[in-house]
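Participant: Attaching a single structure in structure tokens format; questions to follow.
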Amino acid sequence: MVSKTQWRAIAIVLAVVLLLAAFMTGLTGIADNINPVGELRSDYASFKKDLDALGDNDKALKDGKAEYDEKKAAYDELLAAYNEKYAQYEAADKKYNEDVLSYNQQLIAYNVGKNQFSSSGAQSAISSGRAQLDSGWEAYNQGKAAYDQLTSAVSELESKFIPHRLALKIVGSKAGIDLTDSYLSDMKAQLDSAYTRLQQGESGLSQAQQQVNSAQAQLSNMQSEIASGPAKLDADGQSVAAAKAELDKEKEDLDAKAEELSVYEDIEEKVERSRENLIDEGYGTADNTTAELLSSAKKHESSLHWAYLKSLISFIVTYAAHLSAVAAAAAALILLGKNQASRSFKLAALGAALGAVSVIASLIYGSVDTLAFAAAVLAAVGVGLSLNIENE
């Protein structure tokens with residue numbers, strides 16, 4: 001039969017072994033189970049943060065809607081005016097570039113025309129033609145004068161009743177020619193032909209002179225336009241550049257106003273995304289207001305909060321009581337070794353009570369912890385047997 005002394009020894013030895021094991025499991029339990037508590041806290045904090053942000057943003061939207069609508073209307077009006085001015089600027093810039101191209105083409109055409117006119121020798125050819133025609137007219141006039149003199153002499157003799165044939169011989173004799181009607185007829189034909197050719201020459205020369213004069217007039221007009229071109233292009237270019245500078249300044253102002261509007265629009269987007277998330281998670285439908293979605297989600301927030309608090313409290317109580325029970329039981333055994341059995345029993349009883357608290361708290365937490373309770377109970381049994389033995 002086992003004696004009380006033996007039972008006491010067994011209880012104390014088992015208590016020491018279990019206390020060591022309980023201390024180690026307490027430390028590992030804290031390390032292993034603190035993360036789930038942190039995850040619950042993170043889930044709660046994240047969900048609460050999202051709901052708080054949605055509530056704040058929704059309030060900001062309502063409070064700032066009137067101001068936003070006013071600024072947006074003013075911005076749209078300024079933007080429309082800017083776009084109209086920009087379209088006018090683009091048209092002016094396009095015309096300026098076309099004018100520059102046209103001026104360059106005109107300058108090239110003028111230089112080419114001027115060089116061609118200078119190298120063609122048109123005016124010299126006309127002057128030469130004029131001289132030839134003048135020489136031809138001189139020869140024609142001499143021939144015409146000679147013809148008129150012959151015919152006049154013949155007519156004068158015929159007026160004195162000298163026969164025509166005789167008159168021809170007399171005039172021919174004086175002129176030293178064989179004058180006949182055929183001679184006069186050929187002479188007349190040659191004069192008429194020469195006159196016709198001279199008239200044609202005059203017409204051709206006149207047309208050539210007109211063409212030269214027209215070319216000179218065109219070159220002169222082109223020269224005048226080219227001479228005034230750079231100043232006009234420079235003025236147009238400065239006007240276009242000034243319009244662009246003004247538009248750039250207006251664009252900066254518009255961008256600044258758009259940046260102000262984007263703050264409100266960003267909040268709108270955030271609210272819409274948050275609403276979609278809540279709807280996807282089943283807290284309402286698109287027909288619900290934001291306030292209704294928040295009200296529904298707040299219930300889940302409360303459940304997350306309670307789950308976190310329960311887990312945290314259970315964790316703290318479980319492992320605080322666990323380690324406290326181990327400490328109390330270990331202290332009880334130490335006092336027992338110093339022959340302070342009465343104080344040792346009180347500490348052992350406290351350790352057992354704390355161990356019981358640890359068991360209850362661990363049941364709430366979801367992970368049963370009985371090792372500290374068992375170690376404390378065995379320590380209390382060992383101390384109790386020691387007191388009993390002393391009293392005997």
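Participant: Can you tell me which of LEU205, LEU191 is within 27 Å of SER155 (Cβ to Cβ), among the hydrophobic types (A, V, I, L, M, F, W, C) and either open to solvent by less than 60 Å² (accessible area, probe 1.4 Å) or over 60 Å from the mean Cα position of the chain (by Cα) (or both)? Before the answer, list the steps.
Facilitator: On the way: LEU205 fails: within 27 Å of SER155 (Cβ to Cβ).
On inspection, the qualifying residue turns out to be LEU191.
Participant: Those residues that are open to solvent by 80 Å² or more (accessible area, probe 1.4 Å) and over 30 Å from TYR82 (Cβ atoms), I need them from region 254-275; list them, please.
Facilitator: Of everything in region 254-275, just one residue is open to solvent by 80 Å² or more (accessible area, probe 1.4 Å) and over 30 Å from TYR82 (Cβ atoms), namely ARG273.
Participant: Within region 357-368, is there a residue that is at pLDDT below 70 and more than 60 Å from the chain's Cα centre (by Cα)?
Facilitator: For region 357-368, residues at pLDDT below 70 and more than 60 Å from the chain's Cα centre (by Cα): present.
Participant: In addition: Filter region 8-38 down to the residues that are of a type outside the set (A, V, I, L, M), open to solvent by 40 Å² or more (accessible area, probe 1.4 Å) and either modelled with pLDDT under 70 or not in a helix (DSSP H, G or I) (or both) and list them by number.
Facilitator: If the condition is that a residue be of a type outside the set (A, V, I, L, M), open to solvent by 40 Å² or more (accessible area, probe 1.4 Å) and either modelled with pLDDT under 70 or not in a helix (DSSP H, G or I) (or both), then ARG8, PHE23, ASP32 are the ones that fit.
Participant: Kindly establish whether ALA286 is under 30 Å from TYR103 (Cβ atoms) and either free of Cβ contacts under 8 Å to residues at least 40 places away in the same chain or of a type in the set (Ser, Thr, Tyr) (or both).
Facilitator: Considered against the rule, which asks whether it is under 30 Å from TYR103 (Cβ atoms) and either free of Cβ contacts under 8 Å to residues at least 40 places away in the same chain or of a type in the set (Ser, Thr, Tyr) (or both), ALA286 comes out as no.
Here is a yes/no grid of residues against (1) of a type in the set (A, V, I, L, M); (2) in contact with a strand residue (DSSP E or B) (Cβ under 8 Å, 6 or more places away or on another chain); (3) at pLDDT below 85:
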residue	(1), (2), (3)
ALA227	yes, no, yes
ALA245	yes, no, no
TYR283	no, no, yes
ASP287	no, no, no
LEU294	yes, no, yes
TYR308	no, no, yes
ALA320	yes, no, yes
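Participant: Can I ask one more? List the number of the failed condition for SER239; all other conditions in (1) polar (S, T, N, Q); (2) under 38 Å from the mean Cα position of the chain (by Cα); (3) closer than 30 Å to ASN111 by Cβ; (4) open to solvent by less than 60 Å² (accessible area, probe 1.4 Å) hold.
Facilitator: So the condition that SER239 fails would be (4).
Participant: Restricting to region 143-163, name every residue that is more than 13 Å from LEU179 (Cα to Cα) and either charged (D, E, K, R) or touching a residue at least 40 places away in the same chain (Cβ under 8 Å) (or both).
Facilitator: Correct list: GLY143, LYS144, ASP148, GLU156, GLU158, LYS160.
Participant: Under 9 Å by Cβ, and 6 or more places apart or on different chains, what pairs join a residue from region 325-348 that is in contact (Cβ under 8 Å) with a residue 40 or more places away in the chain with one that is basic (Lys, Arg) and not in a helix (DSSP H, G or I)?
Facilitator: The qualifying pairs are SER344/LYS338.
Participant: Another question about this same structure. Being surrounded by fewer than 15 Cβ atoms within 10 Å (Cβ to Cβ) and either touching a residue at least 12 places away in the same chain (Cβ under 8 Å) or touching a Lys or Arg at 6+ places or on another chain (Cβ under 6 Å) (or both) is the filter here; which residues of region 212-224 pass it?
Facilitator: GLN216, GLN218, GLN223
Participant: Which one of these does ALA122 not meet: (1) more than 30 Å from ALA231 (Cα to Cα); (2) at pLDDT 85 or above?
Facilitator: ALA122 satisfies every listed condition except (2).
Participant: Among the listed residues LEU312, LEU278, identify the single one that is in a helix (DSSP H, G or I) and either open to solvent by 30 Å² or more (accessible area, probe 1.4 Å) or closer than 30 Å to GLU70 by Cα (or both).
Facilitator: After ruling out the rest, the residue left standing is LEU312.
Participant: Here are ALA243, ALA286: which of them is closer than 30 Å to ASP76 by Cβ and not in a helix (DSSP H, G or I)?
Facilitator: ALA286
Participant: Find the residue count for region 153-181, including only residues that are polar (S, T, N, Q) and open to solvent by 70 Å² or more (accessible area, probe 1.4 Å).
Facilitator: 2
Participant: With the condition kept exactly as written, say whether any residue in region 244-260 is within 25 Å of GLY38 (Cα to Cα) and in contact (Cβ under 8 Å) with a residue 12 or more places away in the chain.
Facilitator: So in region 244-260, the residues within 25 Å of GLY38 (Cα to Cα) come out as none.
No, because not a single residue in region 244-260 is within 25 Å of GLY38 (Cα to Cα) and in contact (Cβ under 8 Å) with a residue 12 or more places away in the chain.
The values are calculated or read from the model by the stated rules, or taken from the named source; none is laboratory data. Since this is a predicted model, take the numbers as computed values, not measurements. Because the Cβ atoms are built from the backbone with ideal geometry, glycine has one as well, and the counts that use them run over all protein chains shown. Side chains included, ligands, DNA and RNA excluded: accessible areas come from the protein's heavy atoms. Shrake-Rupley method; radii C 1.70, N 1.55, O 1.52, S 1.80 Å.
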